[in-house]
Amino acid sequence: MNAVKTIFRNPPLLTFVLVALVWLVASLTLRGFGAYGHLRYLLELAAVIGIAAAGQTLVILMGGIDLSVGAVITVTAILLPLISPAWDPTGLVGIASALAIATGIGFLNGAGAAYLRVPPIIMTLAMATFLQGLLVIVAGGSAVTVSNPAVILLGQSRPLGIPSGVLLWLAVSAVVLVLIHRMPIGARFLAIGANPLAARLSGVSLPRNTLILYALSGFFAGLAGILVLGMNRQGYVGIGDPYLLTSIAAVVLGGTSILGGRGTYAGTIPGAILLVTTTALITVVNASPGWRSIMFGTLILALLLISGREARR
Amino acid sequence: MSSVSSPTWLYGAIQRRRNRGLGGLYLVVAAFLVLYVVLFPGILSVGGFSKFTQNWFPLALVTMAQALLMLNGGITLAIGPLVSLGAVIAATTMESVFGVPGGIVAVAFTGLAIGAVIGAIVAHLRLPAIIVTLAGSFIITGVALILLPRPGGFIPDWLSNTLAGHTPVAFLLLVVVLLLWKAFLATPLGLGIYAAGDNPVGAFRSGVRVERAKIAAFALSGLLTALAGLFVAAQTGSGDPVIGAPFTLNSIAAAVLGGVGFLGGKGTMRGAICGSLLLSVMINVMFFLGFPPVAQYLAQGLIIVGAVAVPELLKSWRARR
């Protein structure tokens, strides 16, 4: 009994248990679901959501929200093939400049939220609209194929049988967890999310941390964009759109409060896996797009009831 | 003596506080309207005025729906899908034996019911509104796609001509809706929606049933959104399961342009309506000036940020002086 109580009080653990249960039941009932290759594929898909949601987790912990994640992923995926210089055989220069652009976009979001005092939800939505227009000018609506070797290596290679996307996700997870829980700056983020006024009066600089956070969110979205590009080998307008909602849903499913100040990336990790599993299960059921959409919404709602509830105030 | 006059004084002070910052907005809206008239004098004719207000009407309705929730401390990301669903239901039910009245009742009932269910989930199960409406938008989109997989359906011609013809019926309807809102605000429930958004604990202790006010806000918001969908269907003459998509962002932007805050209780409905008018005029001007759609995206992003940022910057600049 006590063990059950502990699980329900610990959202990240609860979400992990949910994932384990769903995988167990699905493996026993659906042929092919439990195969190593299929589970590995699910993790590979979850890596993209997980990396995009890393930035989202940080921003939401601080009490903000980033609605430009999808647009930044699209921008990176389309710009990277275009800006990778031909003289660089490793392709690392292209990756670095694409990440710099993504970070810059996030920085602009942060500047708008911190100095222009635009509410983050509006600032990032407007940024997404702006980028959407910019992309049509740059790419003209056609898909671009990637030939950057480093990106293809990232998206396709499997050292020791583990997809490198998953390895990248592991690295990102370690960095973000240390950042939030073991570094002073993480404590500052949480303090701002819990009570901005008290944080400011205690000497935490609001504009500075806002800038850092949104820049980080842009950086992680850019990283996710590069991974998606490597897995698809093609970038096109709209490639990042699905990741906006899923990145927010993964954060909330992991038990992080959408109001900020409470939560951890440790919950977002199983949250991302849970989302991908849900989508995979819905695809197995042979249904029309309408029914699939209904099932997805209902399942997210049901999962939220288990792990995403706000405390009574 | 003072005990009699003090409520009036208090009322005046509160009204002044609520109107603070709206003066600048009125000026900007007026300036844009003048620009519009100079560029396109056609708006001054009955037909031109009708067309202009018809473009504005659905945005005004969804902005009211969004502002209503934001005043209550909530938000909805399901505006676009619900507009689509309203349009789809209108286009699929008006052929039946109940005809147009049946269709209107079906749309209104759907909006109210979906809103009430979302409100009940948010209020009683304590889930954040932004996520519930996000998940809800998938479900609503799915229902619309099942009812009408591709654009089509049927809207009687006379209905399209009445609502979206050469007469300013849409504008009159908007005036009626605004008068109804004014009357609703005078009821305990209407005031409760405001109060619960401003200070839930205080409202609860003053006898407002906060949960019921929240459900009512979501239900009314759903009703307004679905009716906007009905109008869009009449305007286009058919139903389309994805036609509402741009309304989600535009409703939030218009409400914020109109000075409605995200935390509840801050802002006014007249401000939100002005915000929707401003956005509608800007979109129209860009369209008629022949901006390519791409430039419209760029300009819209810049204008929204600018319109929100400039008053804030002015405020902090004044405070520093």
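For this structure, a couple of remarks:
- Any hit, the stretch A:259-267, residues being within 11 Å of chain B (Cβ to nearest Cβ), open to solvent by 20 Å² or more (accessible area, probe 1.4 Å) and either among the β-branched types (Val, Ile, Thr) or part of a helix (DSSP H, G or I) (or both): no
- Residue selected from the stretch A:139-149 under the condition of a type outside the set (Ser, Thr, Tyr) and over 20 Å from A:PHE219 (Cβ atoms), by the criterion surrounded by the most Cβ atoms within 10 Å (Cβ to Cβ): A:ALA139
- Test: A:ARG200 is in contact (Cβ under 8 Å) with a residue 12 or more places away in the chain and charged (D, E, K, R): no
- For A:VAL136, the stated conditions do not hold, so it cannot be described as open to solvent by less than 60 Å² (accessible area, probe 1.4 Å) and part of a loop (DSSP other than H, G, I, E, B).
- Candidates B:GLY99, B:GLY103, filtered to the one that is away from chain A (no Cβ under 14 Å) and either surrounded by fewer than 17 Cβ atoms within 10 Å (Cβ to Cβ) or free of Cβ contacts under 8 Å to residues at least 12 places away in the same chain (or both): B:GLY99
- Count of residues meeting criterion [under 20 Å from the mean Cα position of the chain (by Cα) and either closer than 19 Å to B:ALA255 by Cα or open to solvent by 50 Å² or more (accessible area, probe 1.4 Å) (or both)] in the stretch B:34-53: 2
- Residue selected from the stretch A:109-128 under the condition in contact (Cβ under 8 Å) with a residue 40 or more places away in the chain and more than 18 Å from the chain's Cα centre (by Cα), by the criterion surrounded by the most Cβ atoms within 10 Å (Cβ to Cβ): A:ALA113
- Taken over the stretch A:163-178, residues that are hydrophobic (A, V, I, L, M, F, W, C) and touching a residue at least 12 places away in the same chain (Cβ under 8 Å) amount to 6.
- Residue tally, condition out of contact with any helix residue (DSSP H, G or I) (no Cβ under 7 Å at 6 or more places or on another chain) and open to solvent by 70 Å² or more (accessible area, probe 1.4 Å), over the stretch B:150-185: 10
- Residue list for the stretch A:281-300, restricted to those being of a type in the set (A, V, I, L, M, F, W, C) and closer than 17 Å to B:LEU134 by Cα: A:TRP291, A:ILE294, A:MET295, A:PHE296, A:LEU299, A:ILE300
- Complete set of residues in the stretch B:283-297 that are more than 18 Å from B:SER251 (Cα to Cα) and hydrophobic (A, V, I, L, M, F, W, C): B:VAL285, B:MET286, B:PHE287, B:PHE288, B:LEU289, B:PHE291, B:VAL294, B:ALA295
- Failed item in (1) closer than 20 Å to B:GLY23 by Cβ; (2) open to solvent by less than 80 Å² (accessible area, probe 1.4 Å), with B:GLN300 passing the rest: (1)
- You will find that of A:LEU18, A:LEU45, A:LEU39, the residue that is surrounded by 14 or more Cβ atoms within 10 Å (Cβ to Cβ) and at pLDDT 85 or above is A:LEU45 and no other.
- Helices (runs of 4 or more DSSP H) wholly inside the stretch B:133-212 that include at least 3 residues being away from every other protein chain (no Cβ under 14 Å) and not charged (D, E, K, R): B:157-164, B:169-185, B:188-198
- Condition check for A:ALA171: more than 10 Å from chain B (Cβ to nearest Cβ) and under 21 Å from A:PRO89 (Cα atoms): no
- In the set A:SER97, A:SER157, A:SER142, only one residue is more than 8 Å from chain B (Cβ to nearest Cβ) and modelled with pLDDT of 85 or more; that residue is A:SER97.
- Any hit, the stretch A:279-286, residues being modelled with pLDDT under 85 and buried (at least 23 other Cβ atoms within 10 Å of the Cβ): no
- Top-ranked residue in the stretch A:269-278 [being crowded, with 24+ Cβ neighbours inside 10 Å and within 14 Å of chain B (Cβ to nearest Cβ); ranked as nearest to A:ILE180 (Cα to Cα)]: A:GLY271
- Subset of the stretch A:268-289 [free of Cβ contacts under 8 Å to residues at least 12 places away in the same chain and assigned to a helix (DSSP H, G or I)]: A:THR283, A:PRO289
Results for (1) out of contact with any Leu (no Cβ under 7 Å at 6 or more places or on another chain); (2) farther than 25 Å from A:ILE212 by Cα; (3) in a helix (DSSP H, G or I), shown as yes or no for each residue.
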| residue | (1), (2), (3) |
| --- | --- |
| A:ALA150 | no, yes, yes |
| A:LEU153 | yes, yes, yes |
| A:LEU160 | yes, yes, yes |
| A:LEU170 | yes, no, yes |
| A:VAL175 | yes, no, yes |
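- Note on the stretch A:74-90: residues that are over 19 Å from A:LEU244 (Cβ atoms) and buried (at least 21 other Cβ atoms within 10 Å of the Cβ) amount to 3.
- Number of the exception - A:TRP291 against (1) surrounded by fewer than 17 Cβ atoms within 10 Å (Cβ to Cβ); (2) at pLDDT 85 or above; (3) under 28 Å from A:ALA111 (Cα atoms): (3)
- With respect to the conditions (1) more than 13 Å from chain B (Cβ to nearest Cβ); (2) among the aromatic types (Phe, Trp, Tyr); (3) touching a helix residue (DSSP H, G or I) at 6+ places or on another chain (Cβ under 6 Å), A:TRP87 lacks only one, and its number is (3).
- Residue within the stretch A:79-91 that is assigned to a helix (DSSP H, G or I) and more than 23 Å from B:GLY301 (Cβ to Cβ) present: yes
The values are calculated or read from the model by the stated rules, or taken from the named source; none is laboratory data. Owing to the predicted nature of the structure, the values given are computational and were not obtained by experimental measurement. Heads up, the Cβs are rebuilt from the backbone with ideal geometry, glycines too, and the neighbour counts pull from every protein chain shown. Remember, those area values only see protein heavy atoms, side chains included, never the ligands or the DNA or RNA. Shrake-Rupley method; radii C 1.70, N 1.55, O 1.52, S 1.80 Å.
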